[in-house]
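Have a look at the structure below before the remarks.
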Amino acid sequence: MAGNFWASSHYQQWVIDRQDLCRERQHDMKHLTEEEYQKVMILFANVIQALGEHLKFRQQVIATATVYFKRFYARNSLKCIDPWLMAPTCAFLASKVEEYGVISNTRLITTCQNIVKNKFGHAFNGEYPYRIQHVMECEFYLLEMMDCCLIMYHPYRPLTKFCADIGSEMELLPVAWRMVNDSLRTDIPLLYPPYLIALACLHLASIVKQKDIKTWCAELSVDNDKVMEITKTMVSLYEMWKTYDEKKEIQPILAKMPKPSPSRPPSETPTMQDANSQQQQQQQQQSQQLPSGGV
């Protein structure tokens, strides 16, 4: 594990250029607009949040799971693996990486079934189809795709330090903290270092609370253009939320979303031994059906 962010795999491999992100999403953009894609990501961020809250995760575990989810689909189309399976898989992996503790397999799946049925029935019709063997197999694909780069740096720690430095832990920290949580509904965690995200959320919080922190900000040596990019993205998110009704709008979007091809899950794929056995049985049946020759 890297001792600091700049030496970590998070910085060296997983702060992605926006153009690269757009290029990777070209296939999905043939089916969805940019706003529709964002609404799909918001839905599954909400699914992971609800799952984490029911399992009593700390917010950092939920944040890690959400970024794992975003990382996978930053490199893969939505049709590669069903997001309804990837969401609990990311939560399952994040709970181990963040040392939350062992989650009962039964509890994970039961919780997921209940949440999908009771909280996201507007987005998912029918019974939740996946079981723990699917989650465990999906976890291998997730680990392989991330190249086992599992350590995550989040904005919460720098945000706490910034607020302490300003002397506004009570006033600004709660508002900025919620904004960091909201940033998980965007591409921001894939595009920017955590300390810049913390600064942008702190800047927005100071506007909301009408607290002047310009003097403090002027002493910082940071890329203010990137801070403003993050701020604009957050403002766009809040503008969209003013008119967005997920319960009414998400079903048509999910209907357009590219989906995995209908086939058996990999865990149910026949092995080579099964295939050979099946081939032998077919040959025996064919030989029995051949007419016997006369003498």
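The values are calculated or read from the model by the stated rules, or taken from the named source; none is laboratory data. Here the structure is a predicted model, which is why all the values come from computation and not from measurement. Virtual Cβ from ideal backbone geometry, glycine too; neighbours counted across all protein chains shown. These area figures cover heavy atoms from the full protein model, side chains too; ligands, DNA and RNA do not enter into them. Shrake-Rupley method; radii C 1.70, N 1.55, O 1.52, S 1.80 Å.
The table for this structure:
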| read-out | value |
| --- | --- |
| Every pair of residues 6+ apart whose Cβ atoms lie under 7 Å, when the first sits in the range 235-246 and is surrounded by 13 or more Cβ atoms within 10 Å (Cβ to Cβ) while the second is acidic (Asp, Glu) and part of a helix (DSSP H, G or I) | 237/182 |
| The range 123-141 - residue that is charged (D, E, K, R) and open to solvent by 70 Å² or more (accessible area, probe 1.4 Å) and, of those, nearest to residue 65 (Cα to Cα) | 131 |
| Qualifying residue in the range 218-228 (condition: at pLDDT 50 or above and in contact with a Lys or Arg (Cβ under 7 Å, 6 or more places away or on another chain)) | no |
| Matching entry among 188, 207 (being modelled with pLDDT of 95 or more and β-branched (Val, Ile, Thr)) | 188 |
| Neighbours by Cβ (under 9 Å, 6+ apart or cross-chain): first from the range 10-36, more than 26 Å from residue 193 (Cβ to Cβ) and open to solvent by 40 Å² or more (accessible area, probe 1.4 Å); second part of a helix (DSSP H, G or I) and among the charged types (D, E, K, R) | 31/256 |
| Single condition residue 190 does not satisfy, out of (1) more than 22 Å from residue 49 (Cα to Cα); (2) of a type in the set (A, V, I, L, M, F, W, C); (3) in contact with a helix residue (DSSP H, G or I) (Cβ under 8 Å, 6 or more places away or on another chain) | (1) |
| Whichever residue in the range 160-190 is touching a Ser or Thr at 6+ places or on another chain (Cβ under 9 Å) and among the hydroxyl-bearing types (Ser, Thr, Tyr) and, among such residues, is surrounded by the most Cβ atoms within 10 Å (Cβ to Cβ) | 183 |
| Of all residues making up the range 73-106, the number that are of a type in the set (S, T, N, Q) and either surrounded by 19 or more Cβ atoms within 10 Å (Cβ to Cβ) or closer than 15 Å to residue 258 by Cβ (or both) | 4 |
| All helices (runs of 4 or more DSSP H) inside the range 137-225 with 3 or more residues being farther than 26 Å from residue 73 by Cβ | 156-166, 173-183, 194-208, 214-218 |
| So residue 53, is it touching a residue at least 40 places away in the same chain (Cβ under 8 Å) and more than 10 Å from the chain's Cα centre (by Cα) | no |
| Residues satisfying the stated conditions in the range 12-37, i.e. aromatic (Phe, Trp, Tyr) and within 25 Å of residue 153 (Cβ to Cβ) | 14 |
